[in-house]
Each structure stands twice: as C-alpha cells, then as structure tokens.
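To start, the structure itself, in structure tokens.
The numbers here are math on the coordinates, done by the rules we state, and not lab data. A quick note: this is a predicted structure, and the numbers were derived from the prediction, not measured. When we count neighbours, we look across all protein chains shown, and the Cβ atoms used for this are built from the backbone with ideal geometry, even at glycine.
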Amino acid sequence: MKLATRIALSVTVVVPLLVLAAGLLVLGLVSRDLHQQQDTRLQDRASAVLPDVKTMLAADLNGRPKVEQNQHRKVLGDALDAGIRVRAADGSVVLEGGPQPVDPVRLPERTPDGPVTVRAKGHAWRVLTVPVAGPAQGTLWLFAPVSAADPQLVAVRRRVLLVALLAAPVSGLIAYGLAGRATASVRRLSRRAAELDPRAGAAAFATPPVNIAEVDELSCAIVQLLSRYEEQAARTAQALDTARSFSSAASHELRTPLMSMRTDLDVLAAHPDLSPAERAEIVRDLQNDHARLLDLLTALRMLARGDLVEVSAFAALDLCELVDTAVAEAARRHPAARLSAELPSETWVFGWDAGLNILLANLLGNAVVHGQLPNEPPRVAVRLRAEGGYAVLTVDDEGPGIPPAERGAVFQRFHHRPGSPGSGLGLTLVAQQAALHRGTVAVSTPPGGTGTRFEVRLPLSATDTPTLRLPARRDWISRGD
C-alpha cells in the first residue's frame, strides 16, 4: 500500500473520530447552557408570580374565595409553561397546575443554590422551591421537565453526526492529494535509487537538497551507505589483490630455496654412505635454506599486514620507548655488535605499534648485518631528536656504505646485496612503514665519511590533529619494482 493511501485512510478514520469527540464536548456544553437557561426561566417565573401567590395565600387565610380564584387564574397565567404548586402553612395545597411530578414524590423544602433535579417514575424535573413569607406563609414550587431541552440536543447531535459522516470522505480525499504531493520527492528519490548504476557510486547519487528534512536525510543516508559500500568494496579488492600478490611472490621467491632443499634431500636419500663431514655440510645447507624460507614468509606476512592495516590501529606512542626496546632486543640477538643509543626523555608520535616495531627491527638488523668492516664487530649508533615538527631517527653504521647510484634501489622488493643472507624485504618494510606514518626514509653517509646512515622522519603527535589519514595507495606487496 502506498504511503499516500495509508495517510488518507488514517485521516479518514481519525478526522471523524475527532469530529465526534468535539461534538460530544459541544453537546455537553450545549446541554449545560440549556439547563442554565431553563433554571433562569424558572427563577424569572418565581419572581413574577410570587406577589400574586402571597395575595392568594392571604385571601385563602382570610376566607375570600373570589379573590383567591382570581389570583389562581393570574398565577397560572404568569407561570406560562412552568408547572406550579403552592402549599399553605397548614400543609394544604391551595394551587397546583401545569406539568409537574406525579405524587407521591418528596419535593425539596429549600433550594438555596437554585433549581435542583428531582426524578419521579422515570422522568426528571428541575424544581425551584421559594418560601413565601409574610402574614400568610407557605411554599411555592415551580417545575420544568428536563426533557424540554431534548429537541435542541437532538438537533445538535444530528448535526455532529452529519458533519462526521461528511468529514470522512472529504478529509480522506484532501489527505490523499496532500500526501501525494508530499511523497512526490520520496518517489523521485526511489526511482533514482532504482535506476542507479552500482558502478557509478555515491557521486552519481548526490543531488542538491529539496528542502524537505526527511527526504534530504534519506538522500544523505543513501549517499553515506554507497560511500561505505565503495570503501568496503575497495578494501575487499585490495585484500584480494594483496592475497594474490602474496601467493605469487611467495611461490616465485620460494622456488629457489625449495629446489635447493629438494636437491640436498635427494643427495641424502641417494647416498646413505656419505661421510659425516659431507652429511653435516648438507644439513647446514638445509638449515640455512629453512631459515631463509622462514625469514621470507615472515617478511611477506608483515608486508601484507602493512598494506591492509586500518587507521583504527594507530594511537599516540612514545617513540623513545620503542627505540630503546628495539636497541636492547638487537643487542640481545647480536651479542657481538656494539650498539649505542642517544635518546631524549620522550618523543610522541601517532603510530601503529606493530608497524613501528617492524621498522625499527629491520632498520637495526640491516645495520648490524651490513654495518661492519672485515675482522671488526658491527658498530651502530642510534640517535633520536625532535626537529621542525618531526621525530628524526638516524641509524649509523661503519660498514662499506652504499654507493649513491644504488641507494634508491635498496628499498625495492627482493633487492639483495651480493652475499646478503636476508630476504630482500627488510628495507622495503622500513620504507612501507615510513610511508604509512606519513614520514620519509633516506640513505646517506654519516658525518665521518664512512659507513651508511638511514634517516627516518615521522610527524610528531599534535593535540589539534590527534589522528592521521593513511596514504590512498598501499600496494607494497602487489606492485612491481
């Protein structure tokens, strides 16, 4: 059922009910007004006939029947349509005429607050009692049937019912027309939503406001829904692309160590009589290949995590604490290395805890492995300072250095220096995490002129910008270098 039809049916039902409710209220007010008018007429009749009643009672007391009869006729004429009854002081009824309750009924002796209602044999009467004072005392009662106002109440009731019956179709038609106009913008919005090409996205659905709050809110909600759908679809596509790239890179890079391990295993199986020295050499090759496989898979997994991380994983972190922990871990893993750290008391950045640990571990691991001279232990100097709104981290080693022509290639995937035992992804991970944190990483030569310096710059955490916006392109594992 259309919304306009629902509104019209609702109005068709509600409006007559409101008319009837209003009619009942009006009917009660009219009934009260009629009773008040009736009471006023009784009081006016009482004021008009009271002098004649006094004269009649005096004539009755003094035994003047002709005067009494004349007063009877005059009192009845002044009472008009009201019933009247006059009782003398001795309890005898000296006058009775007009409509009044049938005996026996107990009439009120006094009505100081005006007429009261008396019921007798299914009929209701408004009764006004007036004590007669003077030489001849008595009591005057005036009566008016309550049903005297019924014709007017019936007329009002009929008119209320007529208005209610007419209001039902008229209000329904008017409501249907107004609802149709009011819902026209909703119908247009529905047609646009039905005709929308899913590939067009939220931009194709956005339109100027129509100045109807509900319609504009609905349109805005649809645009937001489409935007979230596009964002989720992009995340899903990125995740699928990352998964495919992970499989492709893993299968390509693992082929060589797996073939080498297969060759060593075949040699062991075909020559059970190998000497212990030869067997030990083959086992060492297998262990090295196994370690290389684990390093490669771990690096690929971390690279994929960086491509898929969301901004909700970022928080305010003390980079000094992370660097200190990473230096201590590198010293534990490489006891022969000489590592030194120069750190301030605190340096806060808005970052991903796991990502910054990956950056520091690979940066220090690379310096320890490649930052040494022949027959010398690795020496690595780590410094952290704040400069121009950035946290600047430098890692210096005393190794052979990197020629300027090759410095841009060290961050490419699977880039190996001759004889390097790594997976070729360590510095790629460093570059990825620096980019995720809206920072940079650069290669240069330390001030001493020998070795290699890696300098990482990360934005400091500011109170007015507590969050960051991730790069639009995150495809470190899927793009080709």
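Annotations
- Computed log₁₀ I(q)/I(0) - Debye formula, equal Cα scatterers, no solvent, region 328-417, q 0.15, 0.22, 0.24 Å⁻¹: -0.68, -1.28, -1.36
- With both labels modelled 7 Å from their Cα along Cα-to-Cβ, the Gln37 to Ser275 distance reads 13.7 nm.
- Residues Leu339, Leu27, Leu142, Leu173 in ascending order of nearby Cβ atoms (within 10 Å, fewest first): Leu173, Leu27, Leu339, Leu142.
- Neighbour net charge for Gln137 - beta-carbon separation under 12 angstrom, K R +1, D E -1: 0
- Segment Leu268-Glu329, extension gain: residue separation times 0.36 nm, minus the distance between their alpha carbons: 18.2 nm
- Distances between placed amide hydrogens fall under 5 Å for Thr111 paired with Thr129, all partners being 5 or more residues away or on another chain.
- Cα pair count fraction exceeding 23 Å, expressed as % - region 3-156: 48 percent
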